[in-house]
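Following: one structure in structure tokens, then a few remarks.
Every read-out reported here was derived from the displayed coordinates using simple, explicitly stated rules and does not represent laboratory data. Keep in mind the model is a prediction, meaning the values are calculated, not measured. Here the Cβ positions follow ideal geometry from the backbone for every residue, glycine too, while neighbour counts run over all protein chains shown.
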């Protein structure tokens, strides 16, 4: 499912020739970083994959770290746009469950390698790395999204249930990276449905007991 690509995996389409050298380099780097890992991929490999030269790469990106940051920023920008489109027209709990369904679709595609940001965070340990604030911003956005969707679904304790939804979402992606995603995403969806049901009942019960 393409719309989950920013959340779970980098896109791997061909670059339009009019996009220019920068986009071609960024596309090649994104594909390699996602499939093989940030640390495992060197600048020369990216240059060859992008069919460019070192001077061109460094004209657009001052360092590999800057290229990694650009990769994550582009995926983050895509995530917000595509998730908004994914949820358009849905209401209540259907929005949250749609995220899990879309993740299942993405995990069923060839080449699924887990969450772009979880993978990057494991490899980027320096707090002053330019990609670190982007990875943190992405997770903060996803966390708030989960909380808001739980609240819209009418469940009690949206912060706690939203945090649980985020953990289930990320855990399913991790299992998918290990080739165990099909059952993991089913279990995660089942669990979030139960949490929503319980949260709605608790909220209704609390409303009845108020004076």
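Simple spin-label estimate for residue 187 and residue 88 gives 3.6 nm between the two label positions (7 Å along the Cα-to-Cβ direction from each Cα). In the chain, the longest principal axis of the Cα atoms and the axis of helix 132-152 are about 30 degrees apart. Axis angle, to the nearest 10 degrees, between helix 158-177 and the longest C-alpha principal axis of the chain: 50 degrees. Each principal axis of the Cα cloud of the stretch 2-205 was evaluated for its coordinate range; sorted largest first, these ranges are 66, 33, 30 Å.
Helix 64-87 and the longest principal axis of the Cα set of the chain meet at an angle near 40°.
The slack between residue 123 and residue 58, meaning 0.36 nm per residue of separation minus the straight C-alpha distance, is 21.2 nm.
Over the residues of the chain, the helix contribution to mean residue ellipticity at 222 nm works out to -24000 deg cm²/dmol, using -39500 (n - 2.57) for each DSSP H run of at least 4.
Compute the whole-percent fraction of alpha carbon pairs in the stretch 49-111 spaced more than 14 Å apart. The answer is 72 percent, as a whole percent. Sort out for me the Cα centre separation of the stretch 41-82 from the stretch 92-162, rounded to whole Å. Cα centroid to Cα centroid, the span is 23 Å. Here each label is just a point 7 Å from Cα along the line to Cβ, and for residue 35 and residue 48 those points are 1.3 nm apart.
Volume of the convex hull of the stretch 70-172 (Cα atoms only), normalised per residue: 99 Å³. Neighbour counts of C-beta atoms inside 10 Å place 64, 160 in the sequence 160, 64, starting with the fewest.
Geometric descriptor of the stretch 92-134, per residue, is 88 Å³ (volume of the convex hull of the Cα atoms).
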